[in-house]
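Below is one structure, written out as C-alpha cells, with a few remarks after it.
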Amino acid sequence: MKIYRLKLNELSTLVEDVSKNFTAGVVILKGDLAAGKTTFVKAMAKKLGVEEDVTSPTFSLQHCYGEKIFHYDIYNKGLEHFISLGMLEELDKEGLHFVEWGDDDLIEILSAASIATLVVEINKISDNKREYKVDYAQV
C-alpha cells in the first residue's frame, strides 16, 4: 500500500503514479461523503484526455467518457441493485472503471473473476488536504 498526503493542487502526483501503474481494470473508490472521490476521477479523466465535464453518476449509476472510461456510483442503491441490473458485466469492458462507494464484497467478486482491481481510499484531513491510500495488491 502506498500513502499520499496531498493538497488538492498536488493531486497530479497521485494521478501520474496511478496512470503509469494501472491502465485497465476497476478502481474502487472508498471514502466519506465529500472526501474527493469524484475529484479524483475528474483528475484521472483529464489526464487521459477527456475534455467533457466529469460529474458524479449518483443518480444515473453510470457515466461513460469516450469508449474506455466508465464511472459508477453505487451509493444510493447499493451493490445488490448494481448486480441485479447486470452492471457487473460492464466491468468486463476494456478500459478503466471507477466505482465510487465500492466495498469489500465487490472487491471479493472482482478478485474471484480475476479482474484487475485498484483500491483508493480517500480521507479528508483538512479542507484542502487529503490522504490517499492506494492498494496495488489486487492488480
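Rule-based calculations on the coordinates, nothing more; no lab input. Given the structure is predicted, the values throughout are model-derived calculations rather than measurements. All Cβ positions, glycine included, derive from the backbone under ideal geometry; neighbour counts span all protein chains shown.
Provide, in order from the shortest bin, the percent of all Cα-Cα pairs of segment 9-66 in each 5 Å bin, continuing until the bin that contains the maximum pair distance. With 5 Å bins starting at 0, P(r) equals 4, 16, 28, 30, 17, 5, 0. By other beta-carbon atoms within 10 Å, ranking 85, 79 with the fewest at the front produces 85, 79. So for the chain, what percent of the C-alpha to C-alpha distances run longer than 21 Å? Here the tail beyond 21 Å accounts for 36 percent of pairs. Here the Kirkwood formula, the inverse mean of 1/r across different C-alpha pairs, assigns segment 30-109 a hydrodynamic radius of 13.0 Å. In plain terms, the chain from residue 112 to residue 19 could stretch by 31.1 nm, reckoned as 0.36 nm per residue minus the Cα-Cα distance. Between residue 84 and residue 52, the contour length at 0.36 nm per residue exceeds the Cα-Cα span by 8.6 nm. Placing pseudo-labels 7 Å out from each Cα toward the beta carbon at residue 5 and residue 76 gives an inter-label distance of 3.7 nm.
Our estimate of slack between residue 67 and residue 133, defined as 0.36 nm per intervening residue step minus the Cα-Cα distance, is 21.0 nm. Taking other C-beta atoms within 10 angstrom as a stand-in for reagent exposure, 130, 5 fall in the order 5, 130, fewest first.
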